[in-house]
Amino acid sequence: MKRHQTIPLFFTALLAMLLLYTAECPAQNPKGTASQEKERRMAYYVEKNGDTVYYGTIEGAKIYAKIPKQRGTYWRRYYRDVQNFGKTYPYALMAKQILMETDSTIFSEDFSRIQRERFIRSVEKDLFARFEKPLRSMTVSQGKMLMKLIDREVGITSYNIIKDYKGGLTAGFWQGVAKLFGSDLKKPYDKDGEDARLEELVEIWNAGEYEALYYSLFWKYPDFIPEEFSKQR
């Protein structure tokens, strides 16, 4: 199977998501900026013998030691999943962000139907410019993982998105294409079952520990993560 055969499926689901008009704009972060949070954490001090000592708190961190190379089916799959996750999850986050920004623009601008269609087409053009090259380098297994992670971030299956906004025939067509690659657009993300390992990797990513985990397994840092998602080491 050619790698680029996963591209149409991804774009269909992503573009269908862009048609998902939501009346709710993204909620503002009630906690304030990072600098404000830092000020709150450094807001107390003690004086001792004429010296002022400021107290602060830092978040805990896990330490991943270098793991000797392991063998066996389990470890081969684990190595593959860890590597594929780093290559796909950033694009799932990008897809979610694009959806939020697009919905916010449509809501705030109060587009007419024609204006909305033109705006969606312009977003579509930008999507191809941004995503075509990295998607062409993805394997089929990475494409399947990407679809699962997009489902997780958006909270609705790809099949239902396409059906609601592209119609049942289109959804059925892409479901057939997905089946050819051993995937199922109707299957929801199952964080407590089949997708438990993915969920664990998401939690590790959100804790800023993915690169440390990758280093412990491969003895080098990943060089394929987009710069904006690469954690400071």
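Bear in mind that the values in this text are calculations on the coordinates, not laboratory data. Keep in mind that what you see is a predicted model, and the values were worked out from it rather than measured. Using ideal geometry, Cβ is built from the backbone for each residue, glycine included, and neighbour counts are taken over all protein chains shown.
Assorted remarks:
- Considering the range 176-223 at the alpha-carbon level, its Rg and Dmax are found to be 14.7, 40 Å.
- Peptide ranges 71-77, 174-180, 190-196 listed from the most packed, as the mean C-beta count within 10 angstrom indicates: 174-180, 190-196, 71-77
- Length gained on full extension, residue 200 to residue 122: 24.5 nm, using 0.36 nm per residue less the C-alpha separation.
- Translational D in µm²/s for the range 59-152 (Stokes-Einstein at 25 °C, 0.890 mPa s, Kirkwood Rh from C-alpha pairs): 150 µm²/s
- Relative contact order, percent, the range 84-212 [alpha-carbon distance under 8 Å, six or more residues apart]: 28 percent
- Using the Karplus relation 6.51 cos²θ - 1.76 cosθ + 1.60 with θ = phi - 60°, the per-residue 3J(HN,Hα) values for the range 192-200 come to 9, x, 4, 9, 4, 5, 4, 4, 4 Hz, with x marking Gly and Pro.
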